[in-house]
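Novice: The structure's right below; bear with me while I get my questions together.
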Amino acid sequence: MRPDLWRFLGVSVASGIIGALIDQFFLALWIGTLGHCVWHYRRLMQLRFWIPHRKHHPAPDTPGLLEDICRAVDVLGDREKKRKKKLSGYLKQFRHATTALPDAAVLLGTNDQIEWANPAAENLLGIQWPHDWRQRITNLVRDPKFTALLNENHDTGLTRTAEILSPLGAERILSISIVPFGADQRLLTARDFTRLHHLDQVRRDFVANVSHELRTPVTVIRGYLEILVADPDRCPEAWRPILAQLETQTFRMQSIIEDLLLLSRLGQSDQITDARPVQVPELIGTIYQEAQALAGKPRHMFSLEIDPALSILGAKNELHSAFSNLVVNAIRYTPESGVIRIRWYNDPSGAHFEVSDTGIGIPPQHLPRLTERFYRVDQGRSRESGGTGLGLAIVNHVLKRHQARLHIDSTVGKGSTFRCDFPGDLITPPPAETAIECLESN
């Protein structure tokens, strides 16, 4: 039997005996029980004092339930101590690892305040830890691209990346990523992108220079080939198939050179310096006529759904190149009698240009790489169809310069949908003539 019960029974029996002797049984029993409760209360108060100060005071010496509680508290305390020691070891390893990282890592809390930063953050971003604790990151990194990246991460909650100039010097270029986690916390990482940026610039310059140098000789070769093919007296019959093949390949080479030069121009800046209102419905009408001429005899069924009053700010030639590439791809990869649907519409998220087809479709493993230069899903089919492998790369660059995104959805054997999503702030009011025509048509 537990000591507490023995103690209670002993007090009760003693109180009963004393009460019987003085002829006050219930009064003595009540007084004994009350005294036992007061004694327990004092022990509980000692236990309450001991729990937060157990490191400096011994446990109350009371056999029974209170002794078991003290022992359990000691066991839990030892477990907590081991857990803290383990977590402290993990934290120390994490700090050693982040200290060794060449990339800057900054933990942002509420209102983008700096909660922690590793030593590399001082070398790349000028953030000194712990001197800059609780400072707002935008007070230390004053770059419009960085501020836009923070705001976009706040709005969407998605991981985004941007390239900015280091606050410590314009000669250093940083690649910034922001990853949300936890409750109102985000992890900012910065990597020195200077060397890769310079290598990429060298590559771009090389491609642009080579393309420019090849442009003239290829044009001359094509001109002579056209003269030979057009003059039967100078071109023997046996040479005609060879010259026709040469002319086809020369035209393809010329198309590749023109696309490379266009990509080079688009890659010089991520923004449009002279954006003007573009009447996209008229532009789509021109592209539709070009597409019909390319397809030749009626081989496809076209469906157009165009908002005649919807216009955006942008570069007309670039948008023409991007939209026509999407339509031409749909023609190339859609069998005869297939349906090609072209839409231009808007919703609360912005304006959208969409091209859908009932073509061969694209396997899902190829979708992430479609916008890479010269990437082809089917090498043989792409060359036979006359593609350069640069069309979607051009589309991607044009959309980036318009702060737009390319969304691709495809099912093998059923078709594909390519949608260009433009932000709502690019939408412009329609011209007066267009607005009047829309009102009259309604």
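Novice: Considering only residues that are outside any helix (DSSP H, G or I) and not polar (S, T, N, Q), look in region 130-140 and name the one that is nearest to ARG405 (Cα to Cα).
Specialist: ARG136
Novice: Anything in region 141-177 that is of a type in the set (Val, Ile, Thr), without any contact (Cβ under 8 Å) to a residue 24 or more places away in the chain and not in a strand (DSSP E or B)? List them, or say none.
Specialist: THR147, THR156, THR159
Novice: May I pose another question? Could you count how many residues in region 364-410 are more than 26 Å from ILE272 (Cβ to Cβ) and modelled with pLDDT of 90 or more?
Specialist: Looking only at that region, the number is 2.
Novice: Can you tell which of VAL210, VAL218, VAL280 is crowded, with 16+ Cβ neighbours inside 10 Å, within 22 Å of SER321 (Cβ to Cβ) and outside the structural domain of ALA315 (by TED's automatic domain parsing)?
Specialist: None of the other options fit; the residue is VAL218.
Novice: Please verify whether SER324 is within 25 Å of VAL377 (Cα to Cα) and not basic (Lys, Arg), treating the condition exactly as stated.
Specialist: Against the criterion (within 25 Å of VAL377 (Cα to Cα) and not basic (Lys, Arg)), SER324 qualifies.
Novice: Please work out if LEU125 is touching a strand residue (DSSP E or B) at 6+ places or on another chain (Cβ under 6 Å) and closer than 26 Å to GLN403 by Cβ.
Specialist: In short, yes.
Novice: Checking ALA105 against (1) assigned to a helix (DSSP H, G or I); (2) surrounded by 13 or more Cβ atoms within 10 Å (Cβ to Cβ): exactly one of these is not met. Which one?
Specialist: Looking at each condition in turn, ALA105 falls short on (1).
Novice: Can you tell me how many residues in region 333-349 are touching a residue at least 24 places away in the same chain (Cβ under 8 Å) and surrounded by fewer than 18 Cβ atoms within 10 Å (Cβ to Cβ)?
Specialist: Summing the residues that are touching a residue at least 24 places away in the same chain (Cβ under 8 Å) and surrounded by fewer than 18 Cβ atoms within 10 Å (Cβ to Cβ) in region 333-349 gives 11.
Novice: Tell me whether region 298-318 contains one or more residues that are of a type in the set (S, T, N, Q) and touching a helix residue (DSSP H, G or I) at 6+ places or on another chain (Cβ under 7 Å).
Specialist: yes
Novice: Looking at (1) over 30 Å from PHE193 (Cα atoms); (2) within 58 Å of the chain's Cα centre (by Cα); (3) of a type in the set (A, V, I, L, M, F, W, C); (4) not in a loop (DSSP other than H, G, I, E, B), can you tell me which one ALA59 breaks?
Specialist: Failed condition: (4).
Novice: Could you list, in sequence order, the residues of region 206-222 that are free of Cβ contacts under 8 Å to residues at least 24 places away in the same chain and either outside any helix (DSSP H, G or I) or of a type in the set (D, E, K, R) (or both)?
Specialist: Across region 206-222, the qualifying residue is only GLU213.
Novice: Which one of ALA230, ALA244 is surrounded by fewer than 11 Cβ atoms within 10 Å (Cβ to Cβ) and not assigned by TED's automatic domain parsing to the domain that holds VAL398?
Specialist: Step by step, each of ALA230, ALA244 is checked, and only ALA230 is surrounded by fewer than 11 Cβ atoms within 10 Å (Cβ to Cβ) and not assigned by TED's automatic domain parsing to the domain that holds VAL398.
Novice: I would also like to ask the following. Of a type in the set (Val, Ile, Thr), crowded, with 18+ Cβ neighbours inside 10 Å and under 20 Å from GLN271 (Cβ atoms): does that describe ILE164?
Specialist: Taking the combined requirement at face value, the residue satisfies it.
Novice: Moving on to the next point. Only one of PHE323, PHE302 is aromatic (Phe, Trp, Tyr) and closer than 16 Å to CYS420 by Cα. Can you tell me which?
Specialist: None of the others qualify; the one that does is PHE323.
Novice: Here's something else I'd like to know. Does region 311-327 contain any residue that is among the acidic types (Asp, Glu) and closer than 30 Å to HIS198 by Cβ?
Specialist: Yes: region 311-327 contains one or more residues that are among the acidic types (Asp, Glu) and closer than 30 Å to HIS198 by Cβ.
Novice: Give the residue, chosen from ASP132, ASP184, that is at pLDDT 80 or above and over 23 Å from GLN271 (Cα atoms).
Specialist: Result: ASP132 is the single residue among ASP132, ASP184 that is at pLDDT 80 or above and over 23 Å from GLN271 (Cα atoms).
Novice: Name the pairs whose Cβ atoms lie under 9 Å apart, with the first residue in region 259-274 and in contact (Cβ under 8 Å) with a residue 24 or more places away in the chain and outside the structural domain of ALA148 (by TED's automatic domain parsing), the second among the hydroxyl-bearing types (Ser, Thr, Tyr) and assigned to a loop (DSSP other than H, G, I, E, B), and 6 or more positions between them or separate chains?
Specialist: ASP259/THR388; LEU260/THR388
Novice: Now, a different point. Can you find even one residue in region 156-165 that is closer than 30 Å to ILE127 by Cβ, at pLDDT 85 or above and of a type in the set (Lys, Arg)?
Specialist: No, region 156-165 contains no residue that is closer than 30 Å to ILE127 by Cβ, at pLDDT 85 or above and of a type in the set (Lys, Arg).
Novice: Here is a follow-up. May I ask you to say which residue of SER177, SER269, SER211, SER264 is modelled with pLDDT of 80 or more and either touching a Pro at 6+ places or on another chain (Cβ under 9 Å) or not hydrophobic (A, V, I, L, M, F, W, C) (or both)?
Specialist: SER177
The values are calculated or read from the model by the stated rules, or taken from the named source; none is laboratory data. These numbers come from a predicted model, not from an experiment. Note: ideal-geometry Cβ built from the backbone for every residue, glycine included; neighbour counts use all protein chains shown.
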